[in-house]
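See below for the structure under consideration.
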Amino acid sequence: MTLPVVTLPTETPSIHSDDQRQHLLDWDQSSLSDWLKEKGQPAFRAKQIWNWVYQKRATSFEEMTNLPKTLRDELDRAFVIFKASQSAITSSPDGTDKLLIRLFDGGEVECVLLRDGTRRSICVSSQVGCAMGCVFCASGLDGVDRNLSRGEILEQMLRLQSRLQAEERLSHIVMMGMGEPLANLDHVLATLDVARSPEGLGISPRRITISTVGLPPAIDRLSKHGVAYNLAVSLHAPHDELRTQLVPVNKKIGIKAILDAADRYFDVSGRRLTFEYVLLGGVNDSDDCAESLASLLRHRTAMLNVIPYNLVSGLPYKTPSPKSISRFKEILVTRGINVMFRQRKGSEIDAACGQLRRNRQA
Ligand code: SF4
């Protein structure tokens, strides 16, 4: 049965593209503190402003009633809290909300809130478009336009947080929306510093996952960063020939180099690795693929997430049949692989990355 989907029109206007005000979410607390000091304000004002924005969910300086009115006006002249607009909101009865965000320069990205029991998970984008070119993905069809700034990634998080009831809190973050997070690592790490800070969103790194197609030098940088986020590597094929067809960037890298980097990350972080595998009917769902995948993962401390493919209009790939899904699963389980077949939450609302943006452009 197809469940009803509710799509709402644009909710908030974006700032005008020639608005010179700074995006407050691009500023860290100490830079804001320096700015306030120059204005003759005490350092604790920066903490107060952060508290309003990240914890009390304020979207305007006017709401910050413990700041002097003159300071609120001065802040409003210098900064905006939200710099983008929501150009579409699509809600599914399974508790999934998907936002299409229009950036100040007209670019669009997507982000998703998933409600599951007490979990309130969000999936956010890190780039406009994507250069990795996975052949089954709507986000990569037109290549990459640019990296998102720290403020633009944080704004997605705050917009999704604002959809929660007052007593609800965000519990998990997944960097798995549009784009390759490790290709924008500086801004992603700066964003996650705020996400995990008790003065920011206060989400433990154990509940934050960075997803990647596998860029070994960037995985090594992440190892050196010293914060143990979860790492999810999108594998999608168990051998290089097929993987290069599905994830073209693999040609220059190769599965072995990716697994070696993932192993180094595990050694440093102690965090169990996750491998993602989009199951495409008739492409990578054979018995041979399942056997080869089991051989790759058998000796690793890892979880394998298998995601039966969501149809993307205009792309030739098929959802695997229930029979091939259960056969694939049986082989992996028999070989002792820790495997989960992920529910397709939100599939009614184009929750595969890049689909909402693409459908709106069509
Ligand atoms: S699946 Fe992810 S990495 Fe691949 S093209 Fe799409 S957004 Fe990029």
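The values are calculated or read from the model by the stated rules, or taken from the named source; none is laboratory data. The structure presented is a predicted model; accordingly, all values stated were derived computationally and were not measured. Cβ sites come from the backbone with ideal geometry, for glycine too, and all protein chains shown count toward neighbours.
Being at pLDDT 95 or above and in contact with a Phe, Trp or Tyr (Cβ under 7 Å, 6 or more places away or on another chain) is a description that applies to residue 283.
For region 146-181, a residue qualifies if it is more than 16 Å from the ligand (Cβ to nearest atom), of a type in the set (D, E, K, R) and not in a helix (DSSP H, G or I), and the qualifying residues are 163, 167, 168, 169. Residue 298 meets the stated requirement of being of a type in the set (D, E, K, R) and either away from the ligand (no atom under 16 Å from the Cβ) or modelled with pLDDT under 95 (or both). Mind listing whichever residues of region 138-177 are of a type in the set (D, E, K, R), closer than 27 Å to residue 310 by Cα and free of Cβ contacts under 8 Å to residues at least 40 places away in the same chain? 142, 145, 146 - these are the residues of region 138-177 that are of a type in the set (D, E, K, R), closer than 27 Å to residue 310 by Cα and free of Cβ contacts under 8 Å to residues at least 40 places away in the same chain. If you go through region 49-72 and keep only what is loosely packed, with under 15 Cβ neighbours inside 10 Å, over 21 Å from residue 164 (Cα atoms) and touching a residue at least 12 places away in the same chain (Cβ under 8 Å), you end up with 62, 66. When region 232-252 is limited to residues that are away from the ligand (no atom under 14 Å from the Cβ) and under 17 Å from residue 276 (Cβ atoms), the one that is surrounded by the most Cβ atoms within 10 Å (Cβ to Cβ) turns out to be 238.
Counted as qualifying within region 27-145 are the strands (runs of 3 or more DSSP E) with 2 or more residues that are within 16 Å of the ligand (Cβ to nearest atom) and touching a Ser or Thr at 6+ places or on another chain (Cβ under 8 Å), namely 96-102, 108-116. Quick one: in region 228-269, of everything that is among the polar types (S, T, N, Q) and in contact (Cβ under 8 Å) with a residue 60 or more places away in the chain, which residue is nearest to residue 284 (Cα to Cα)? Only one residue fits best here, namely 245.
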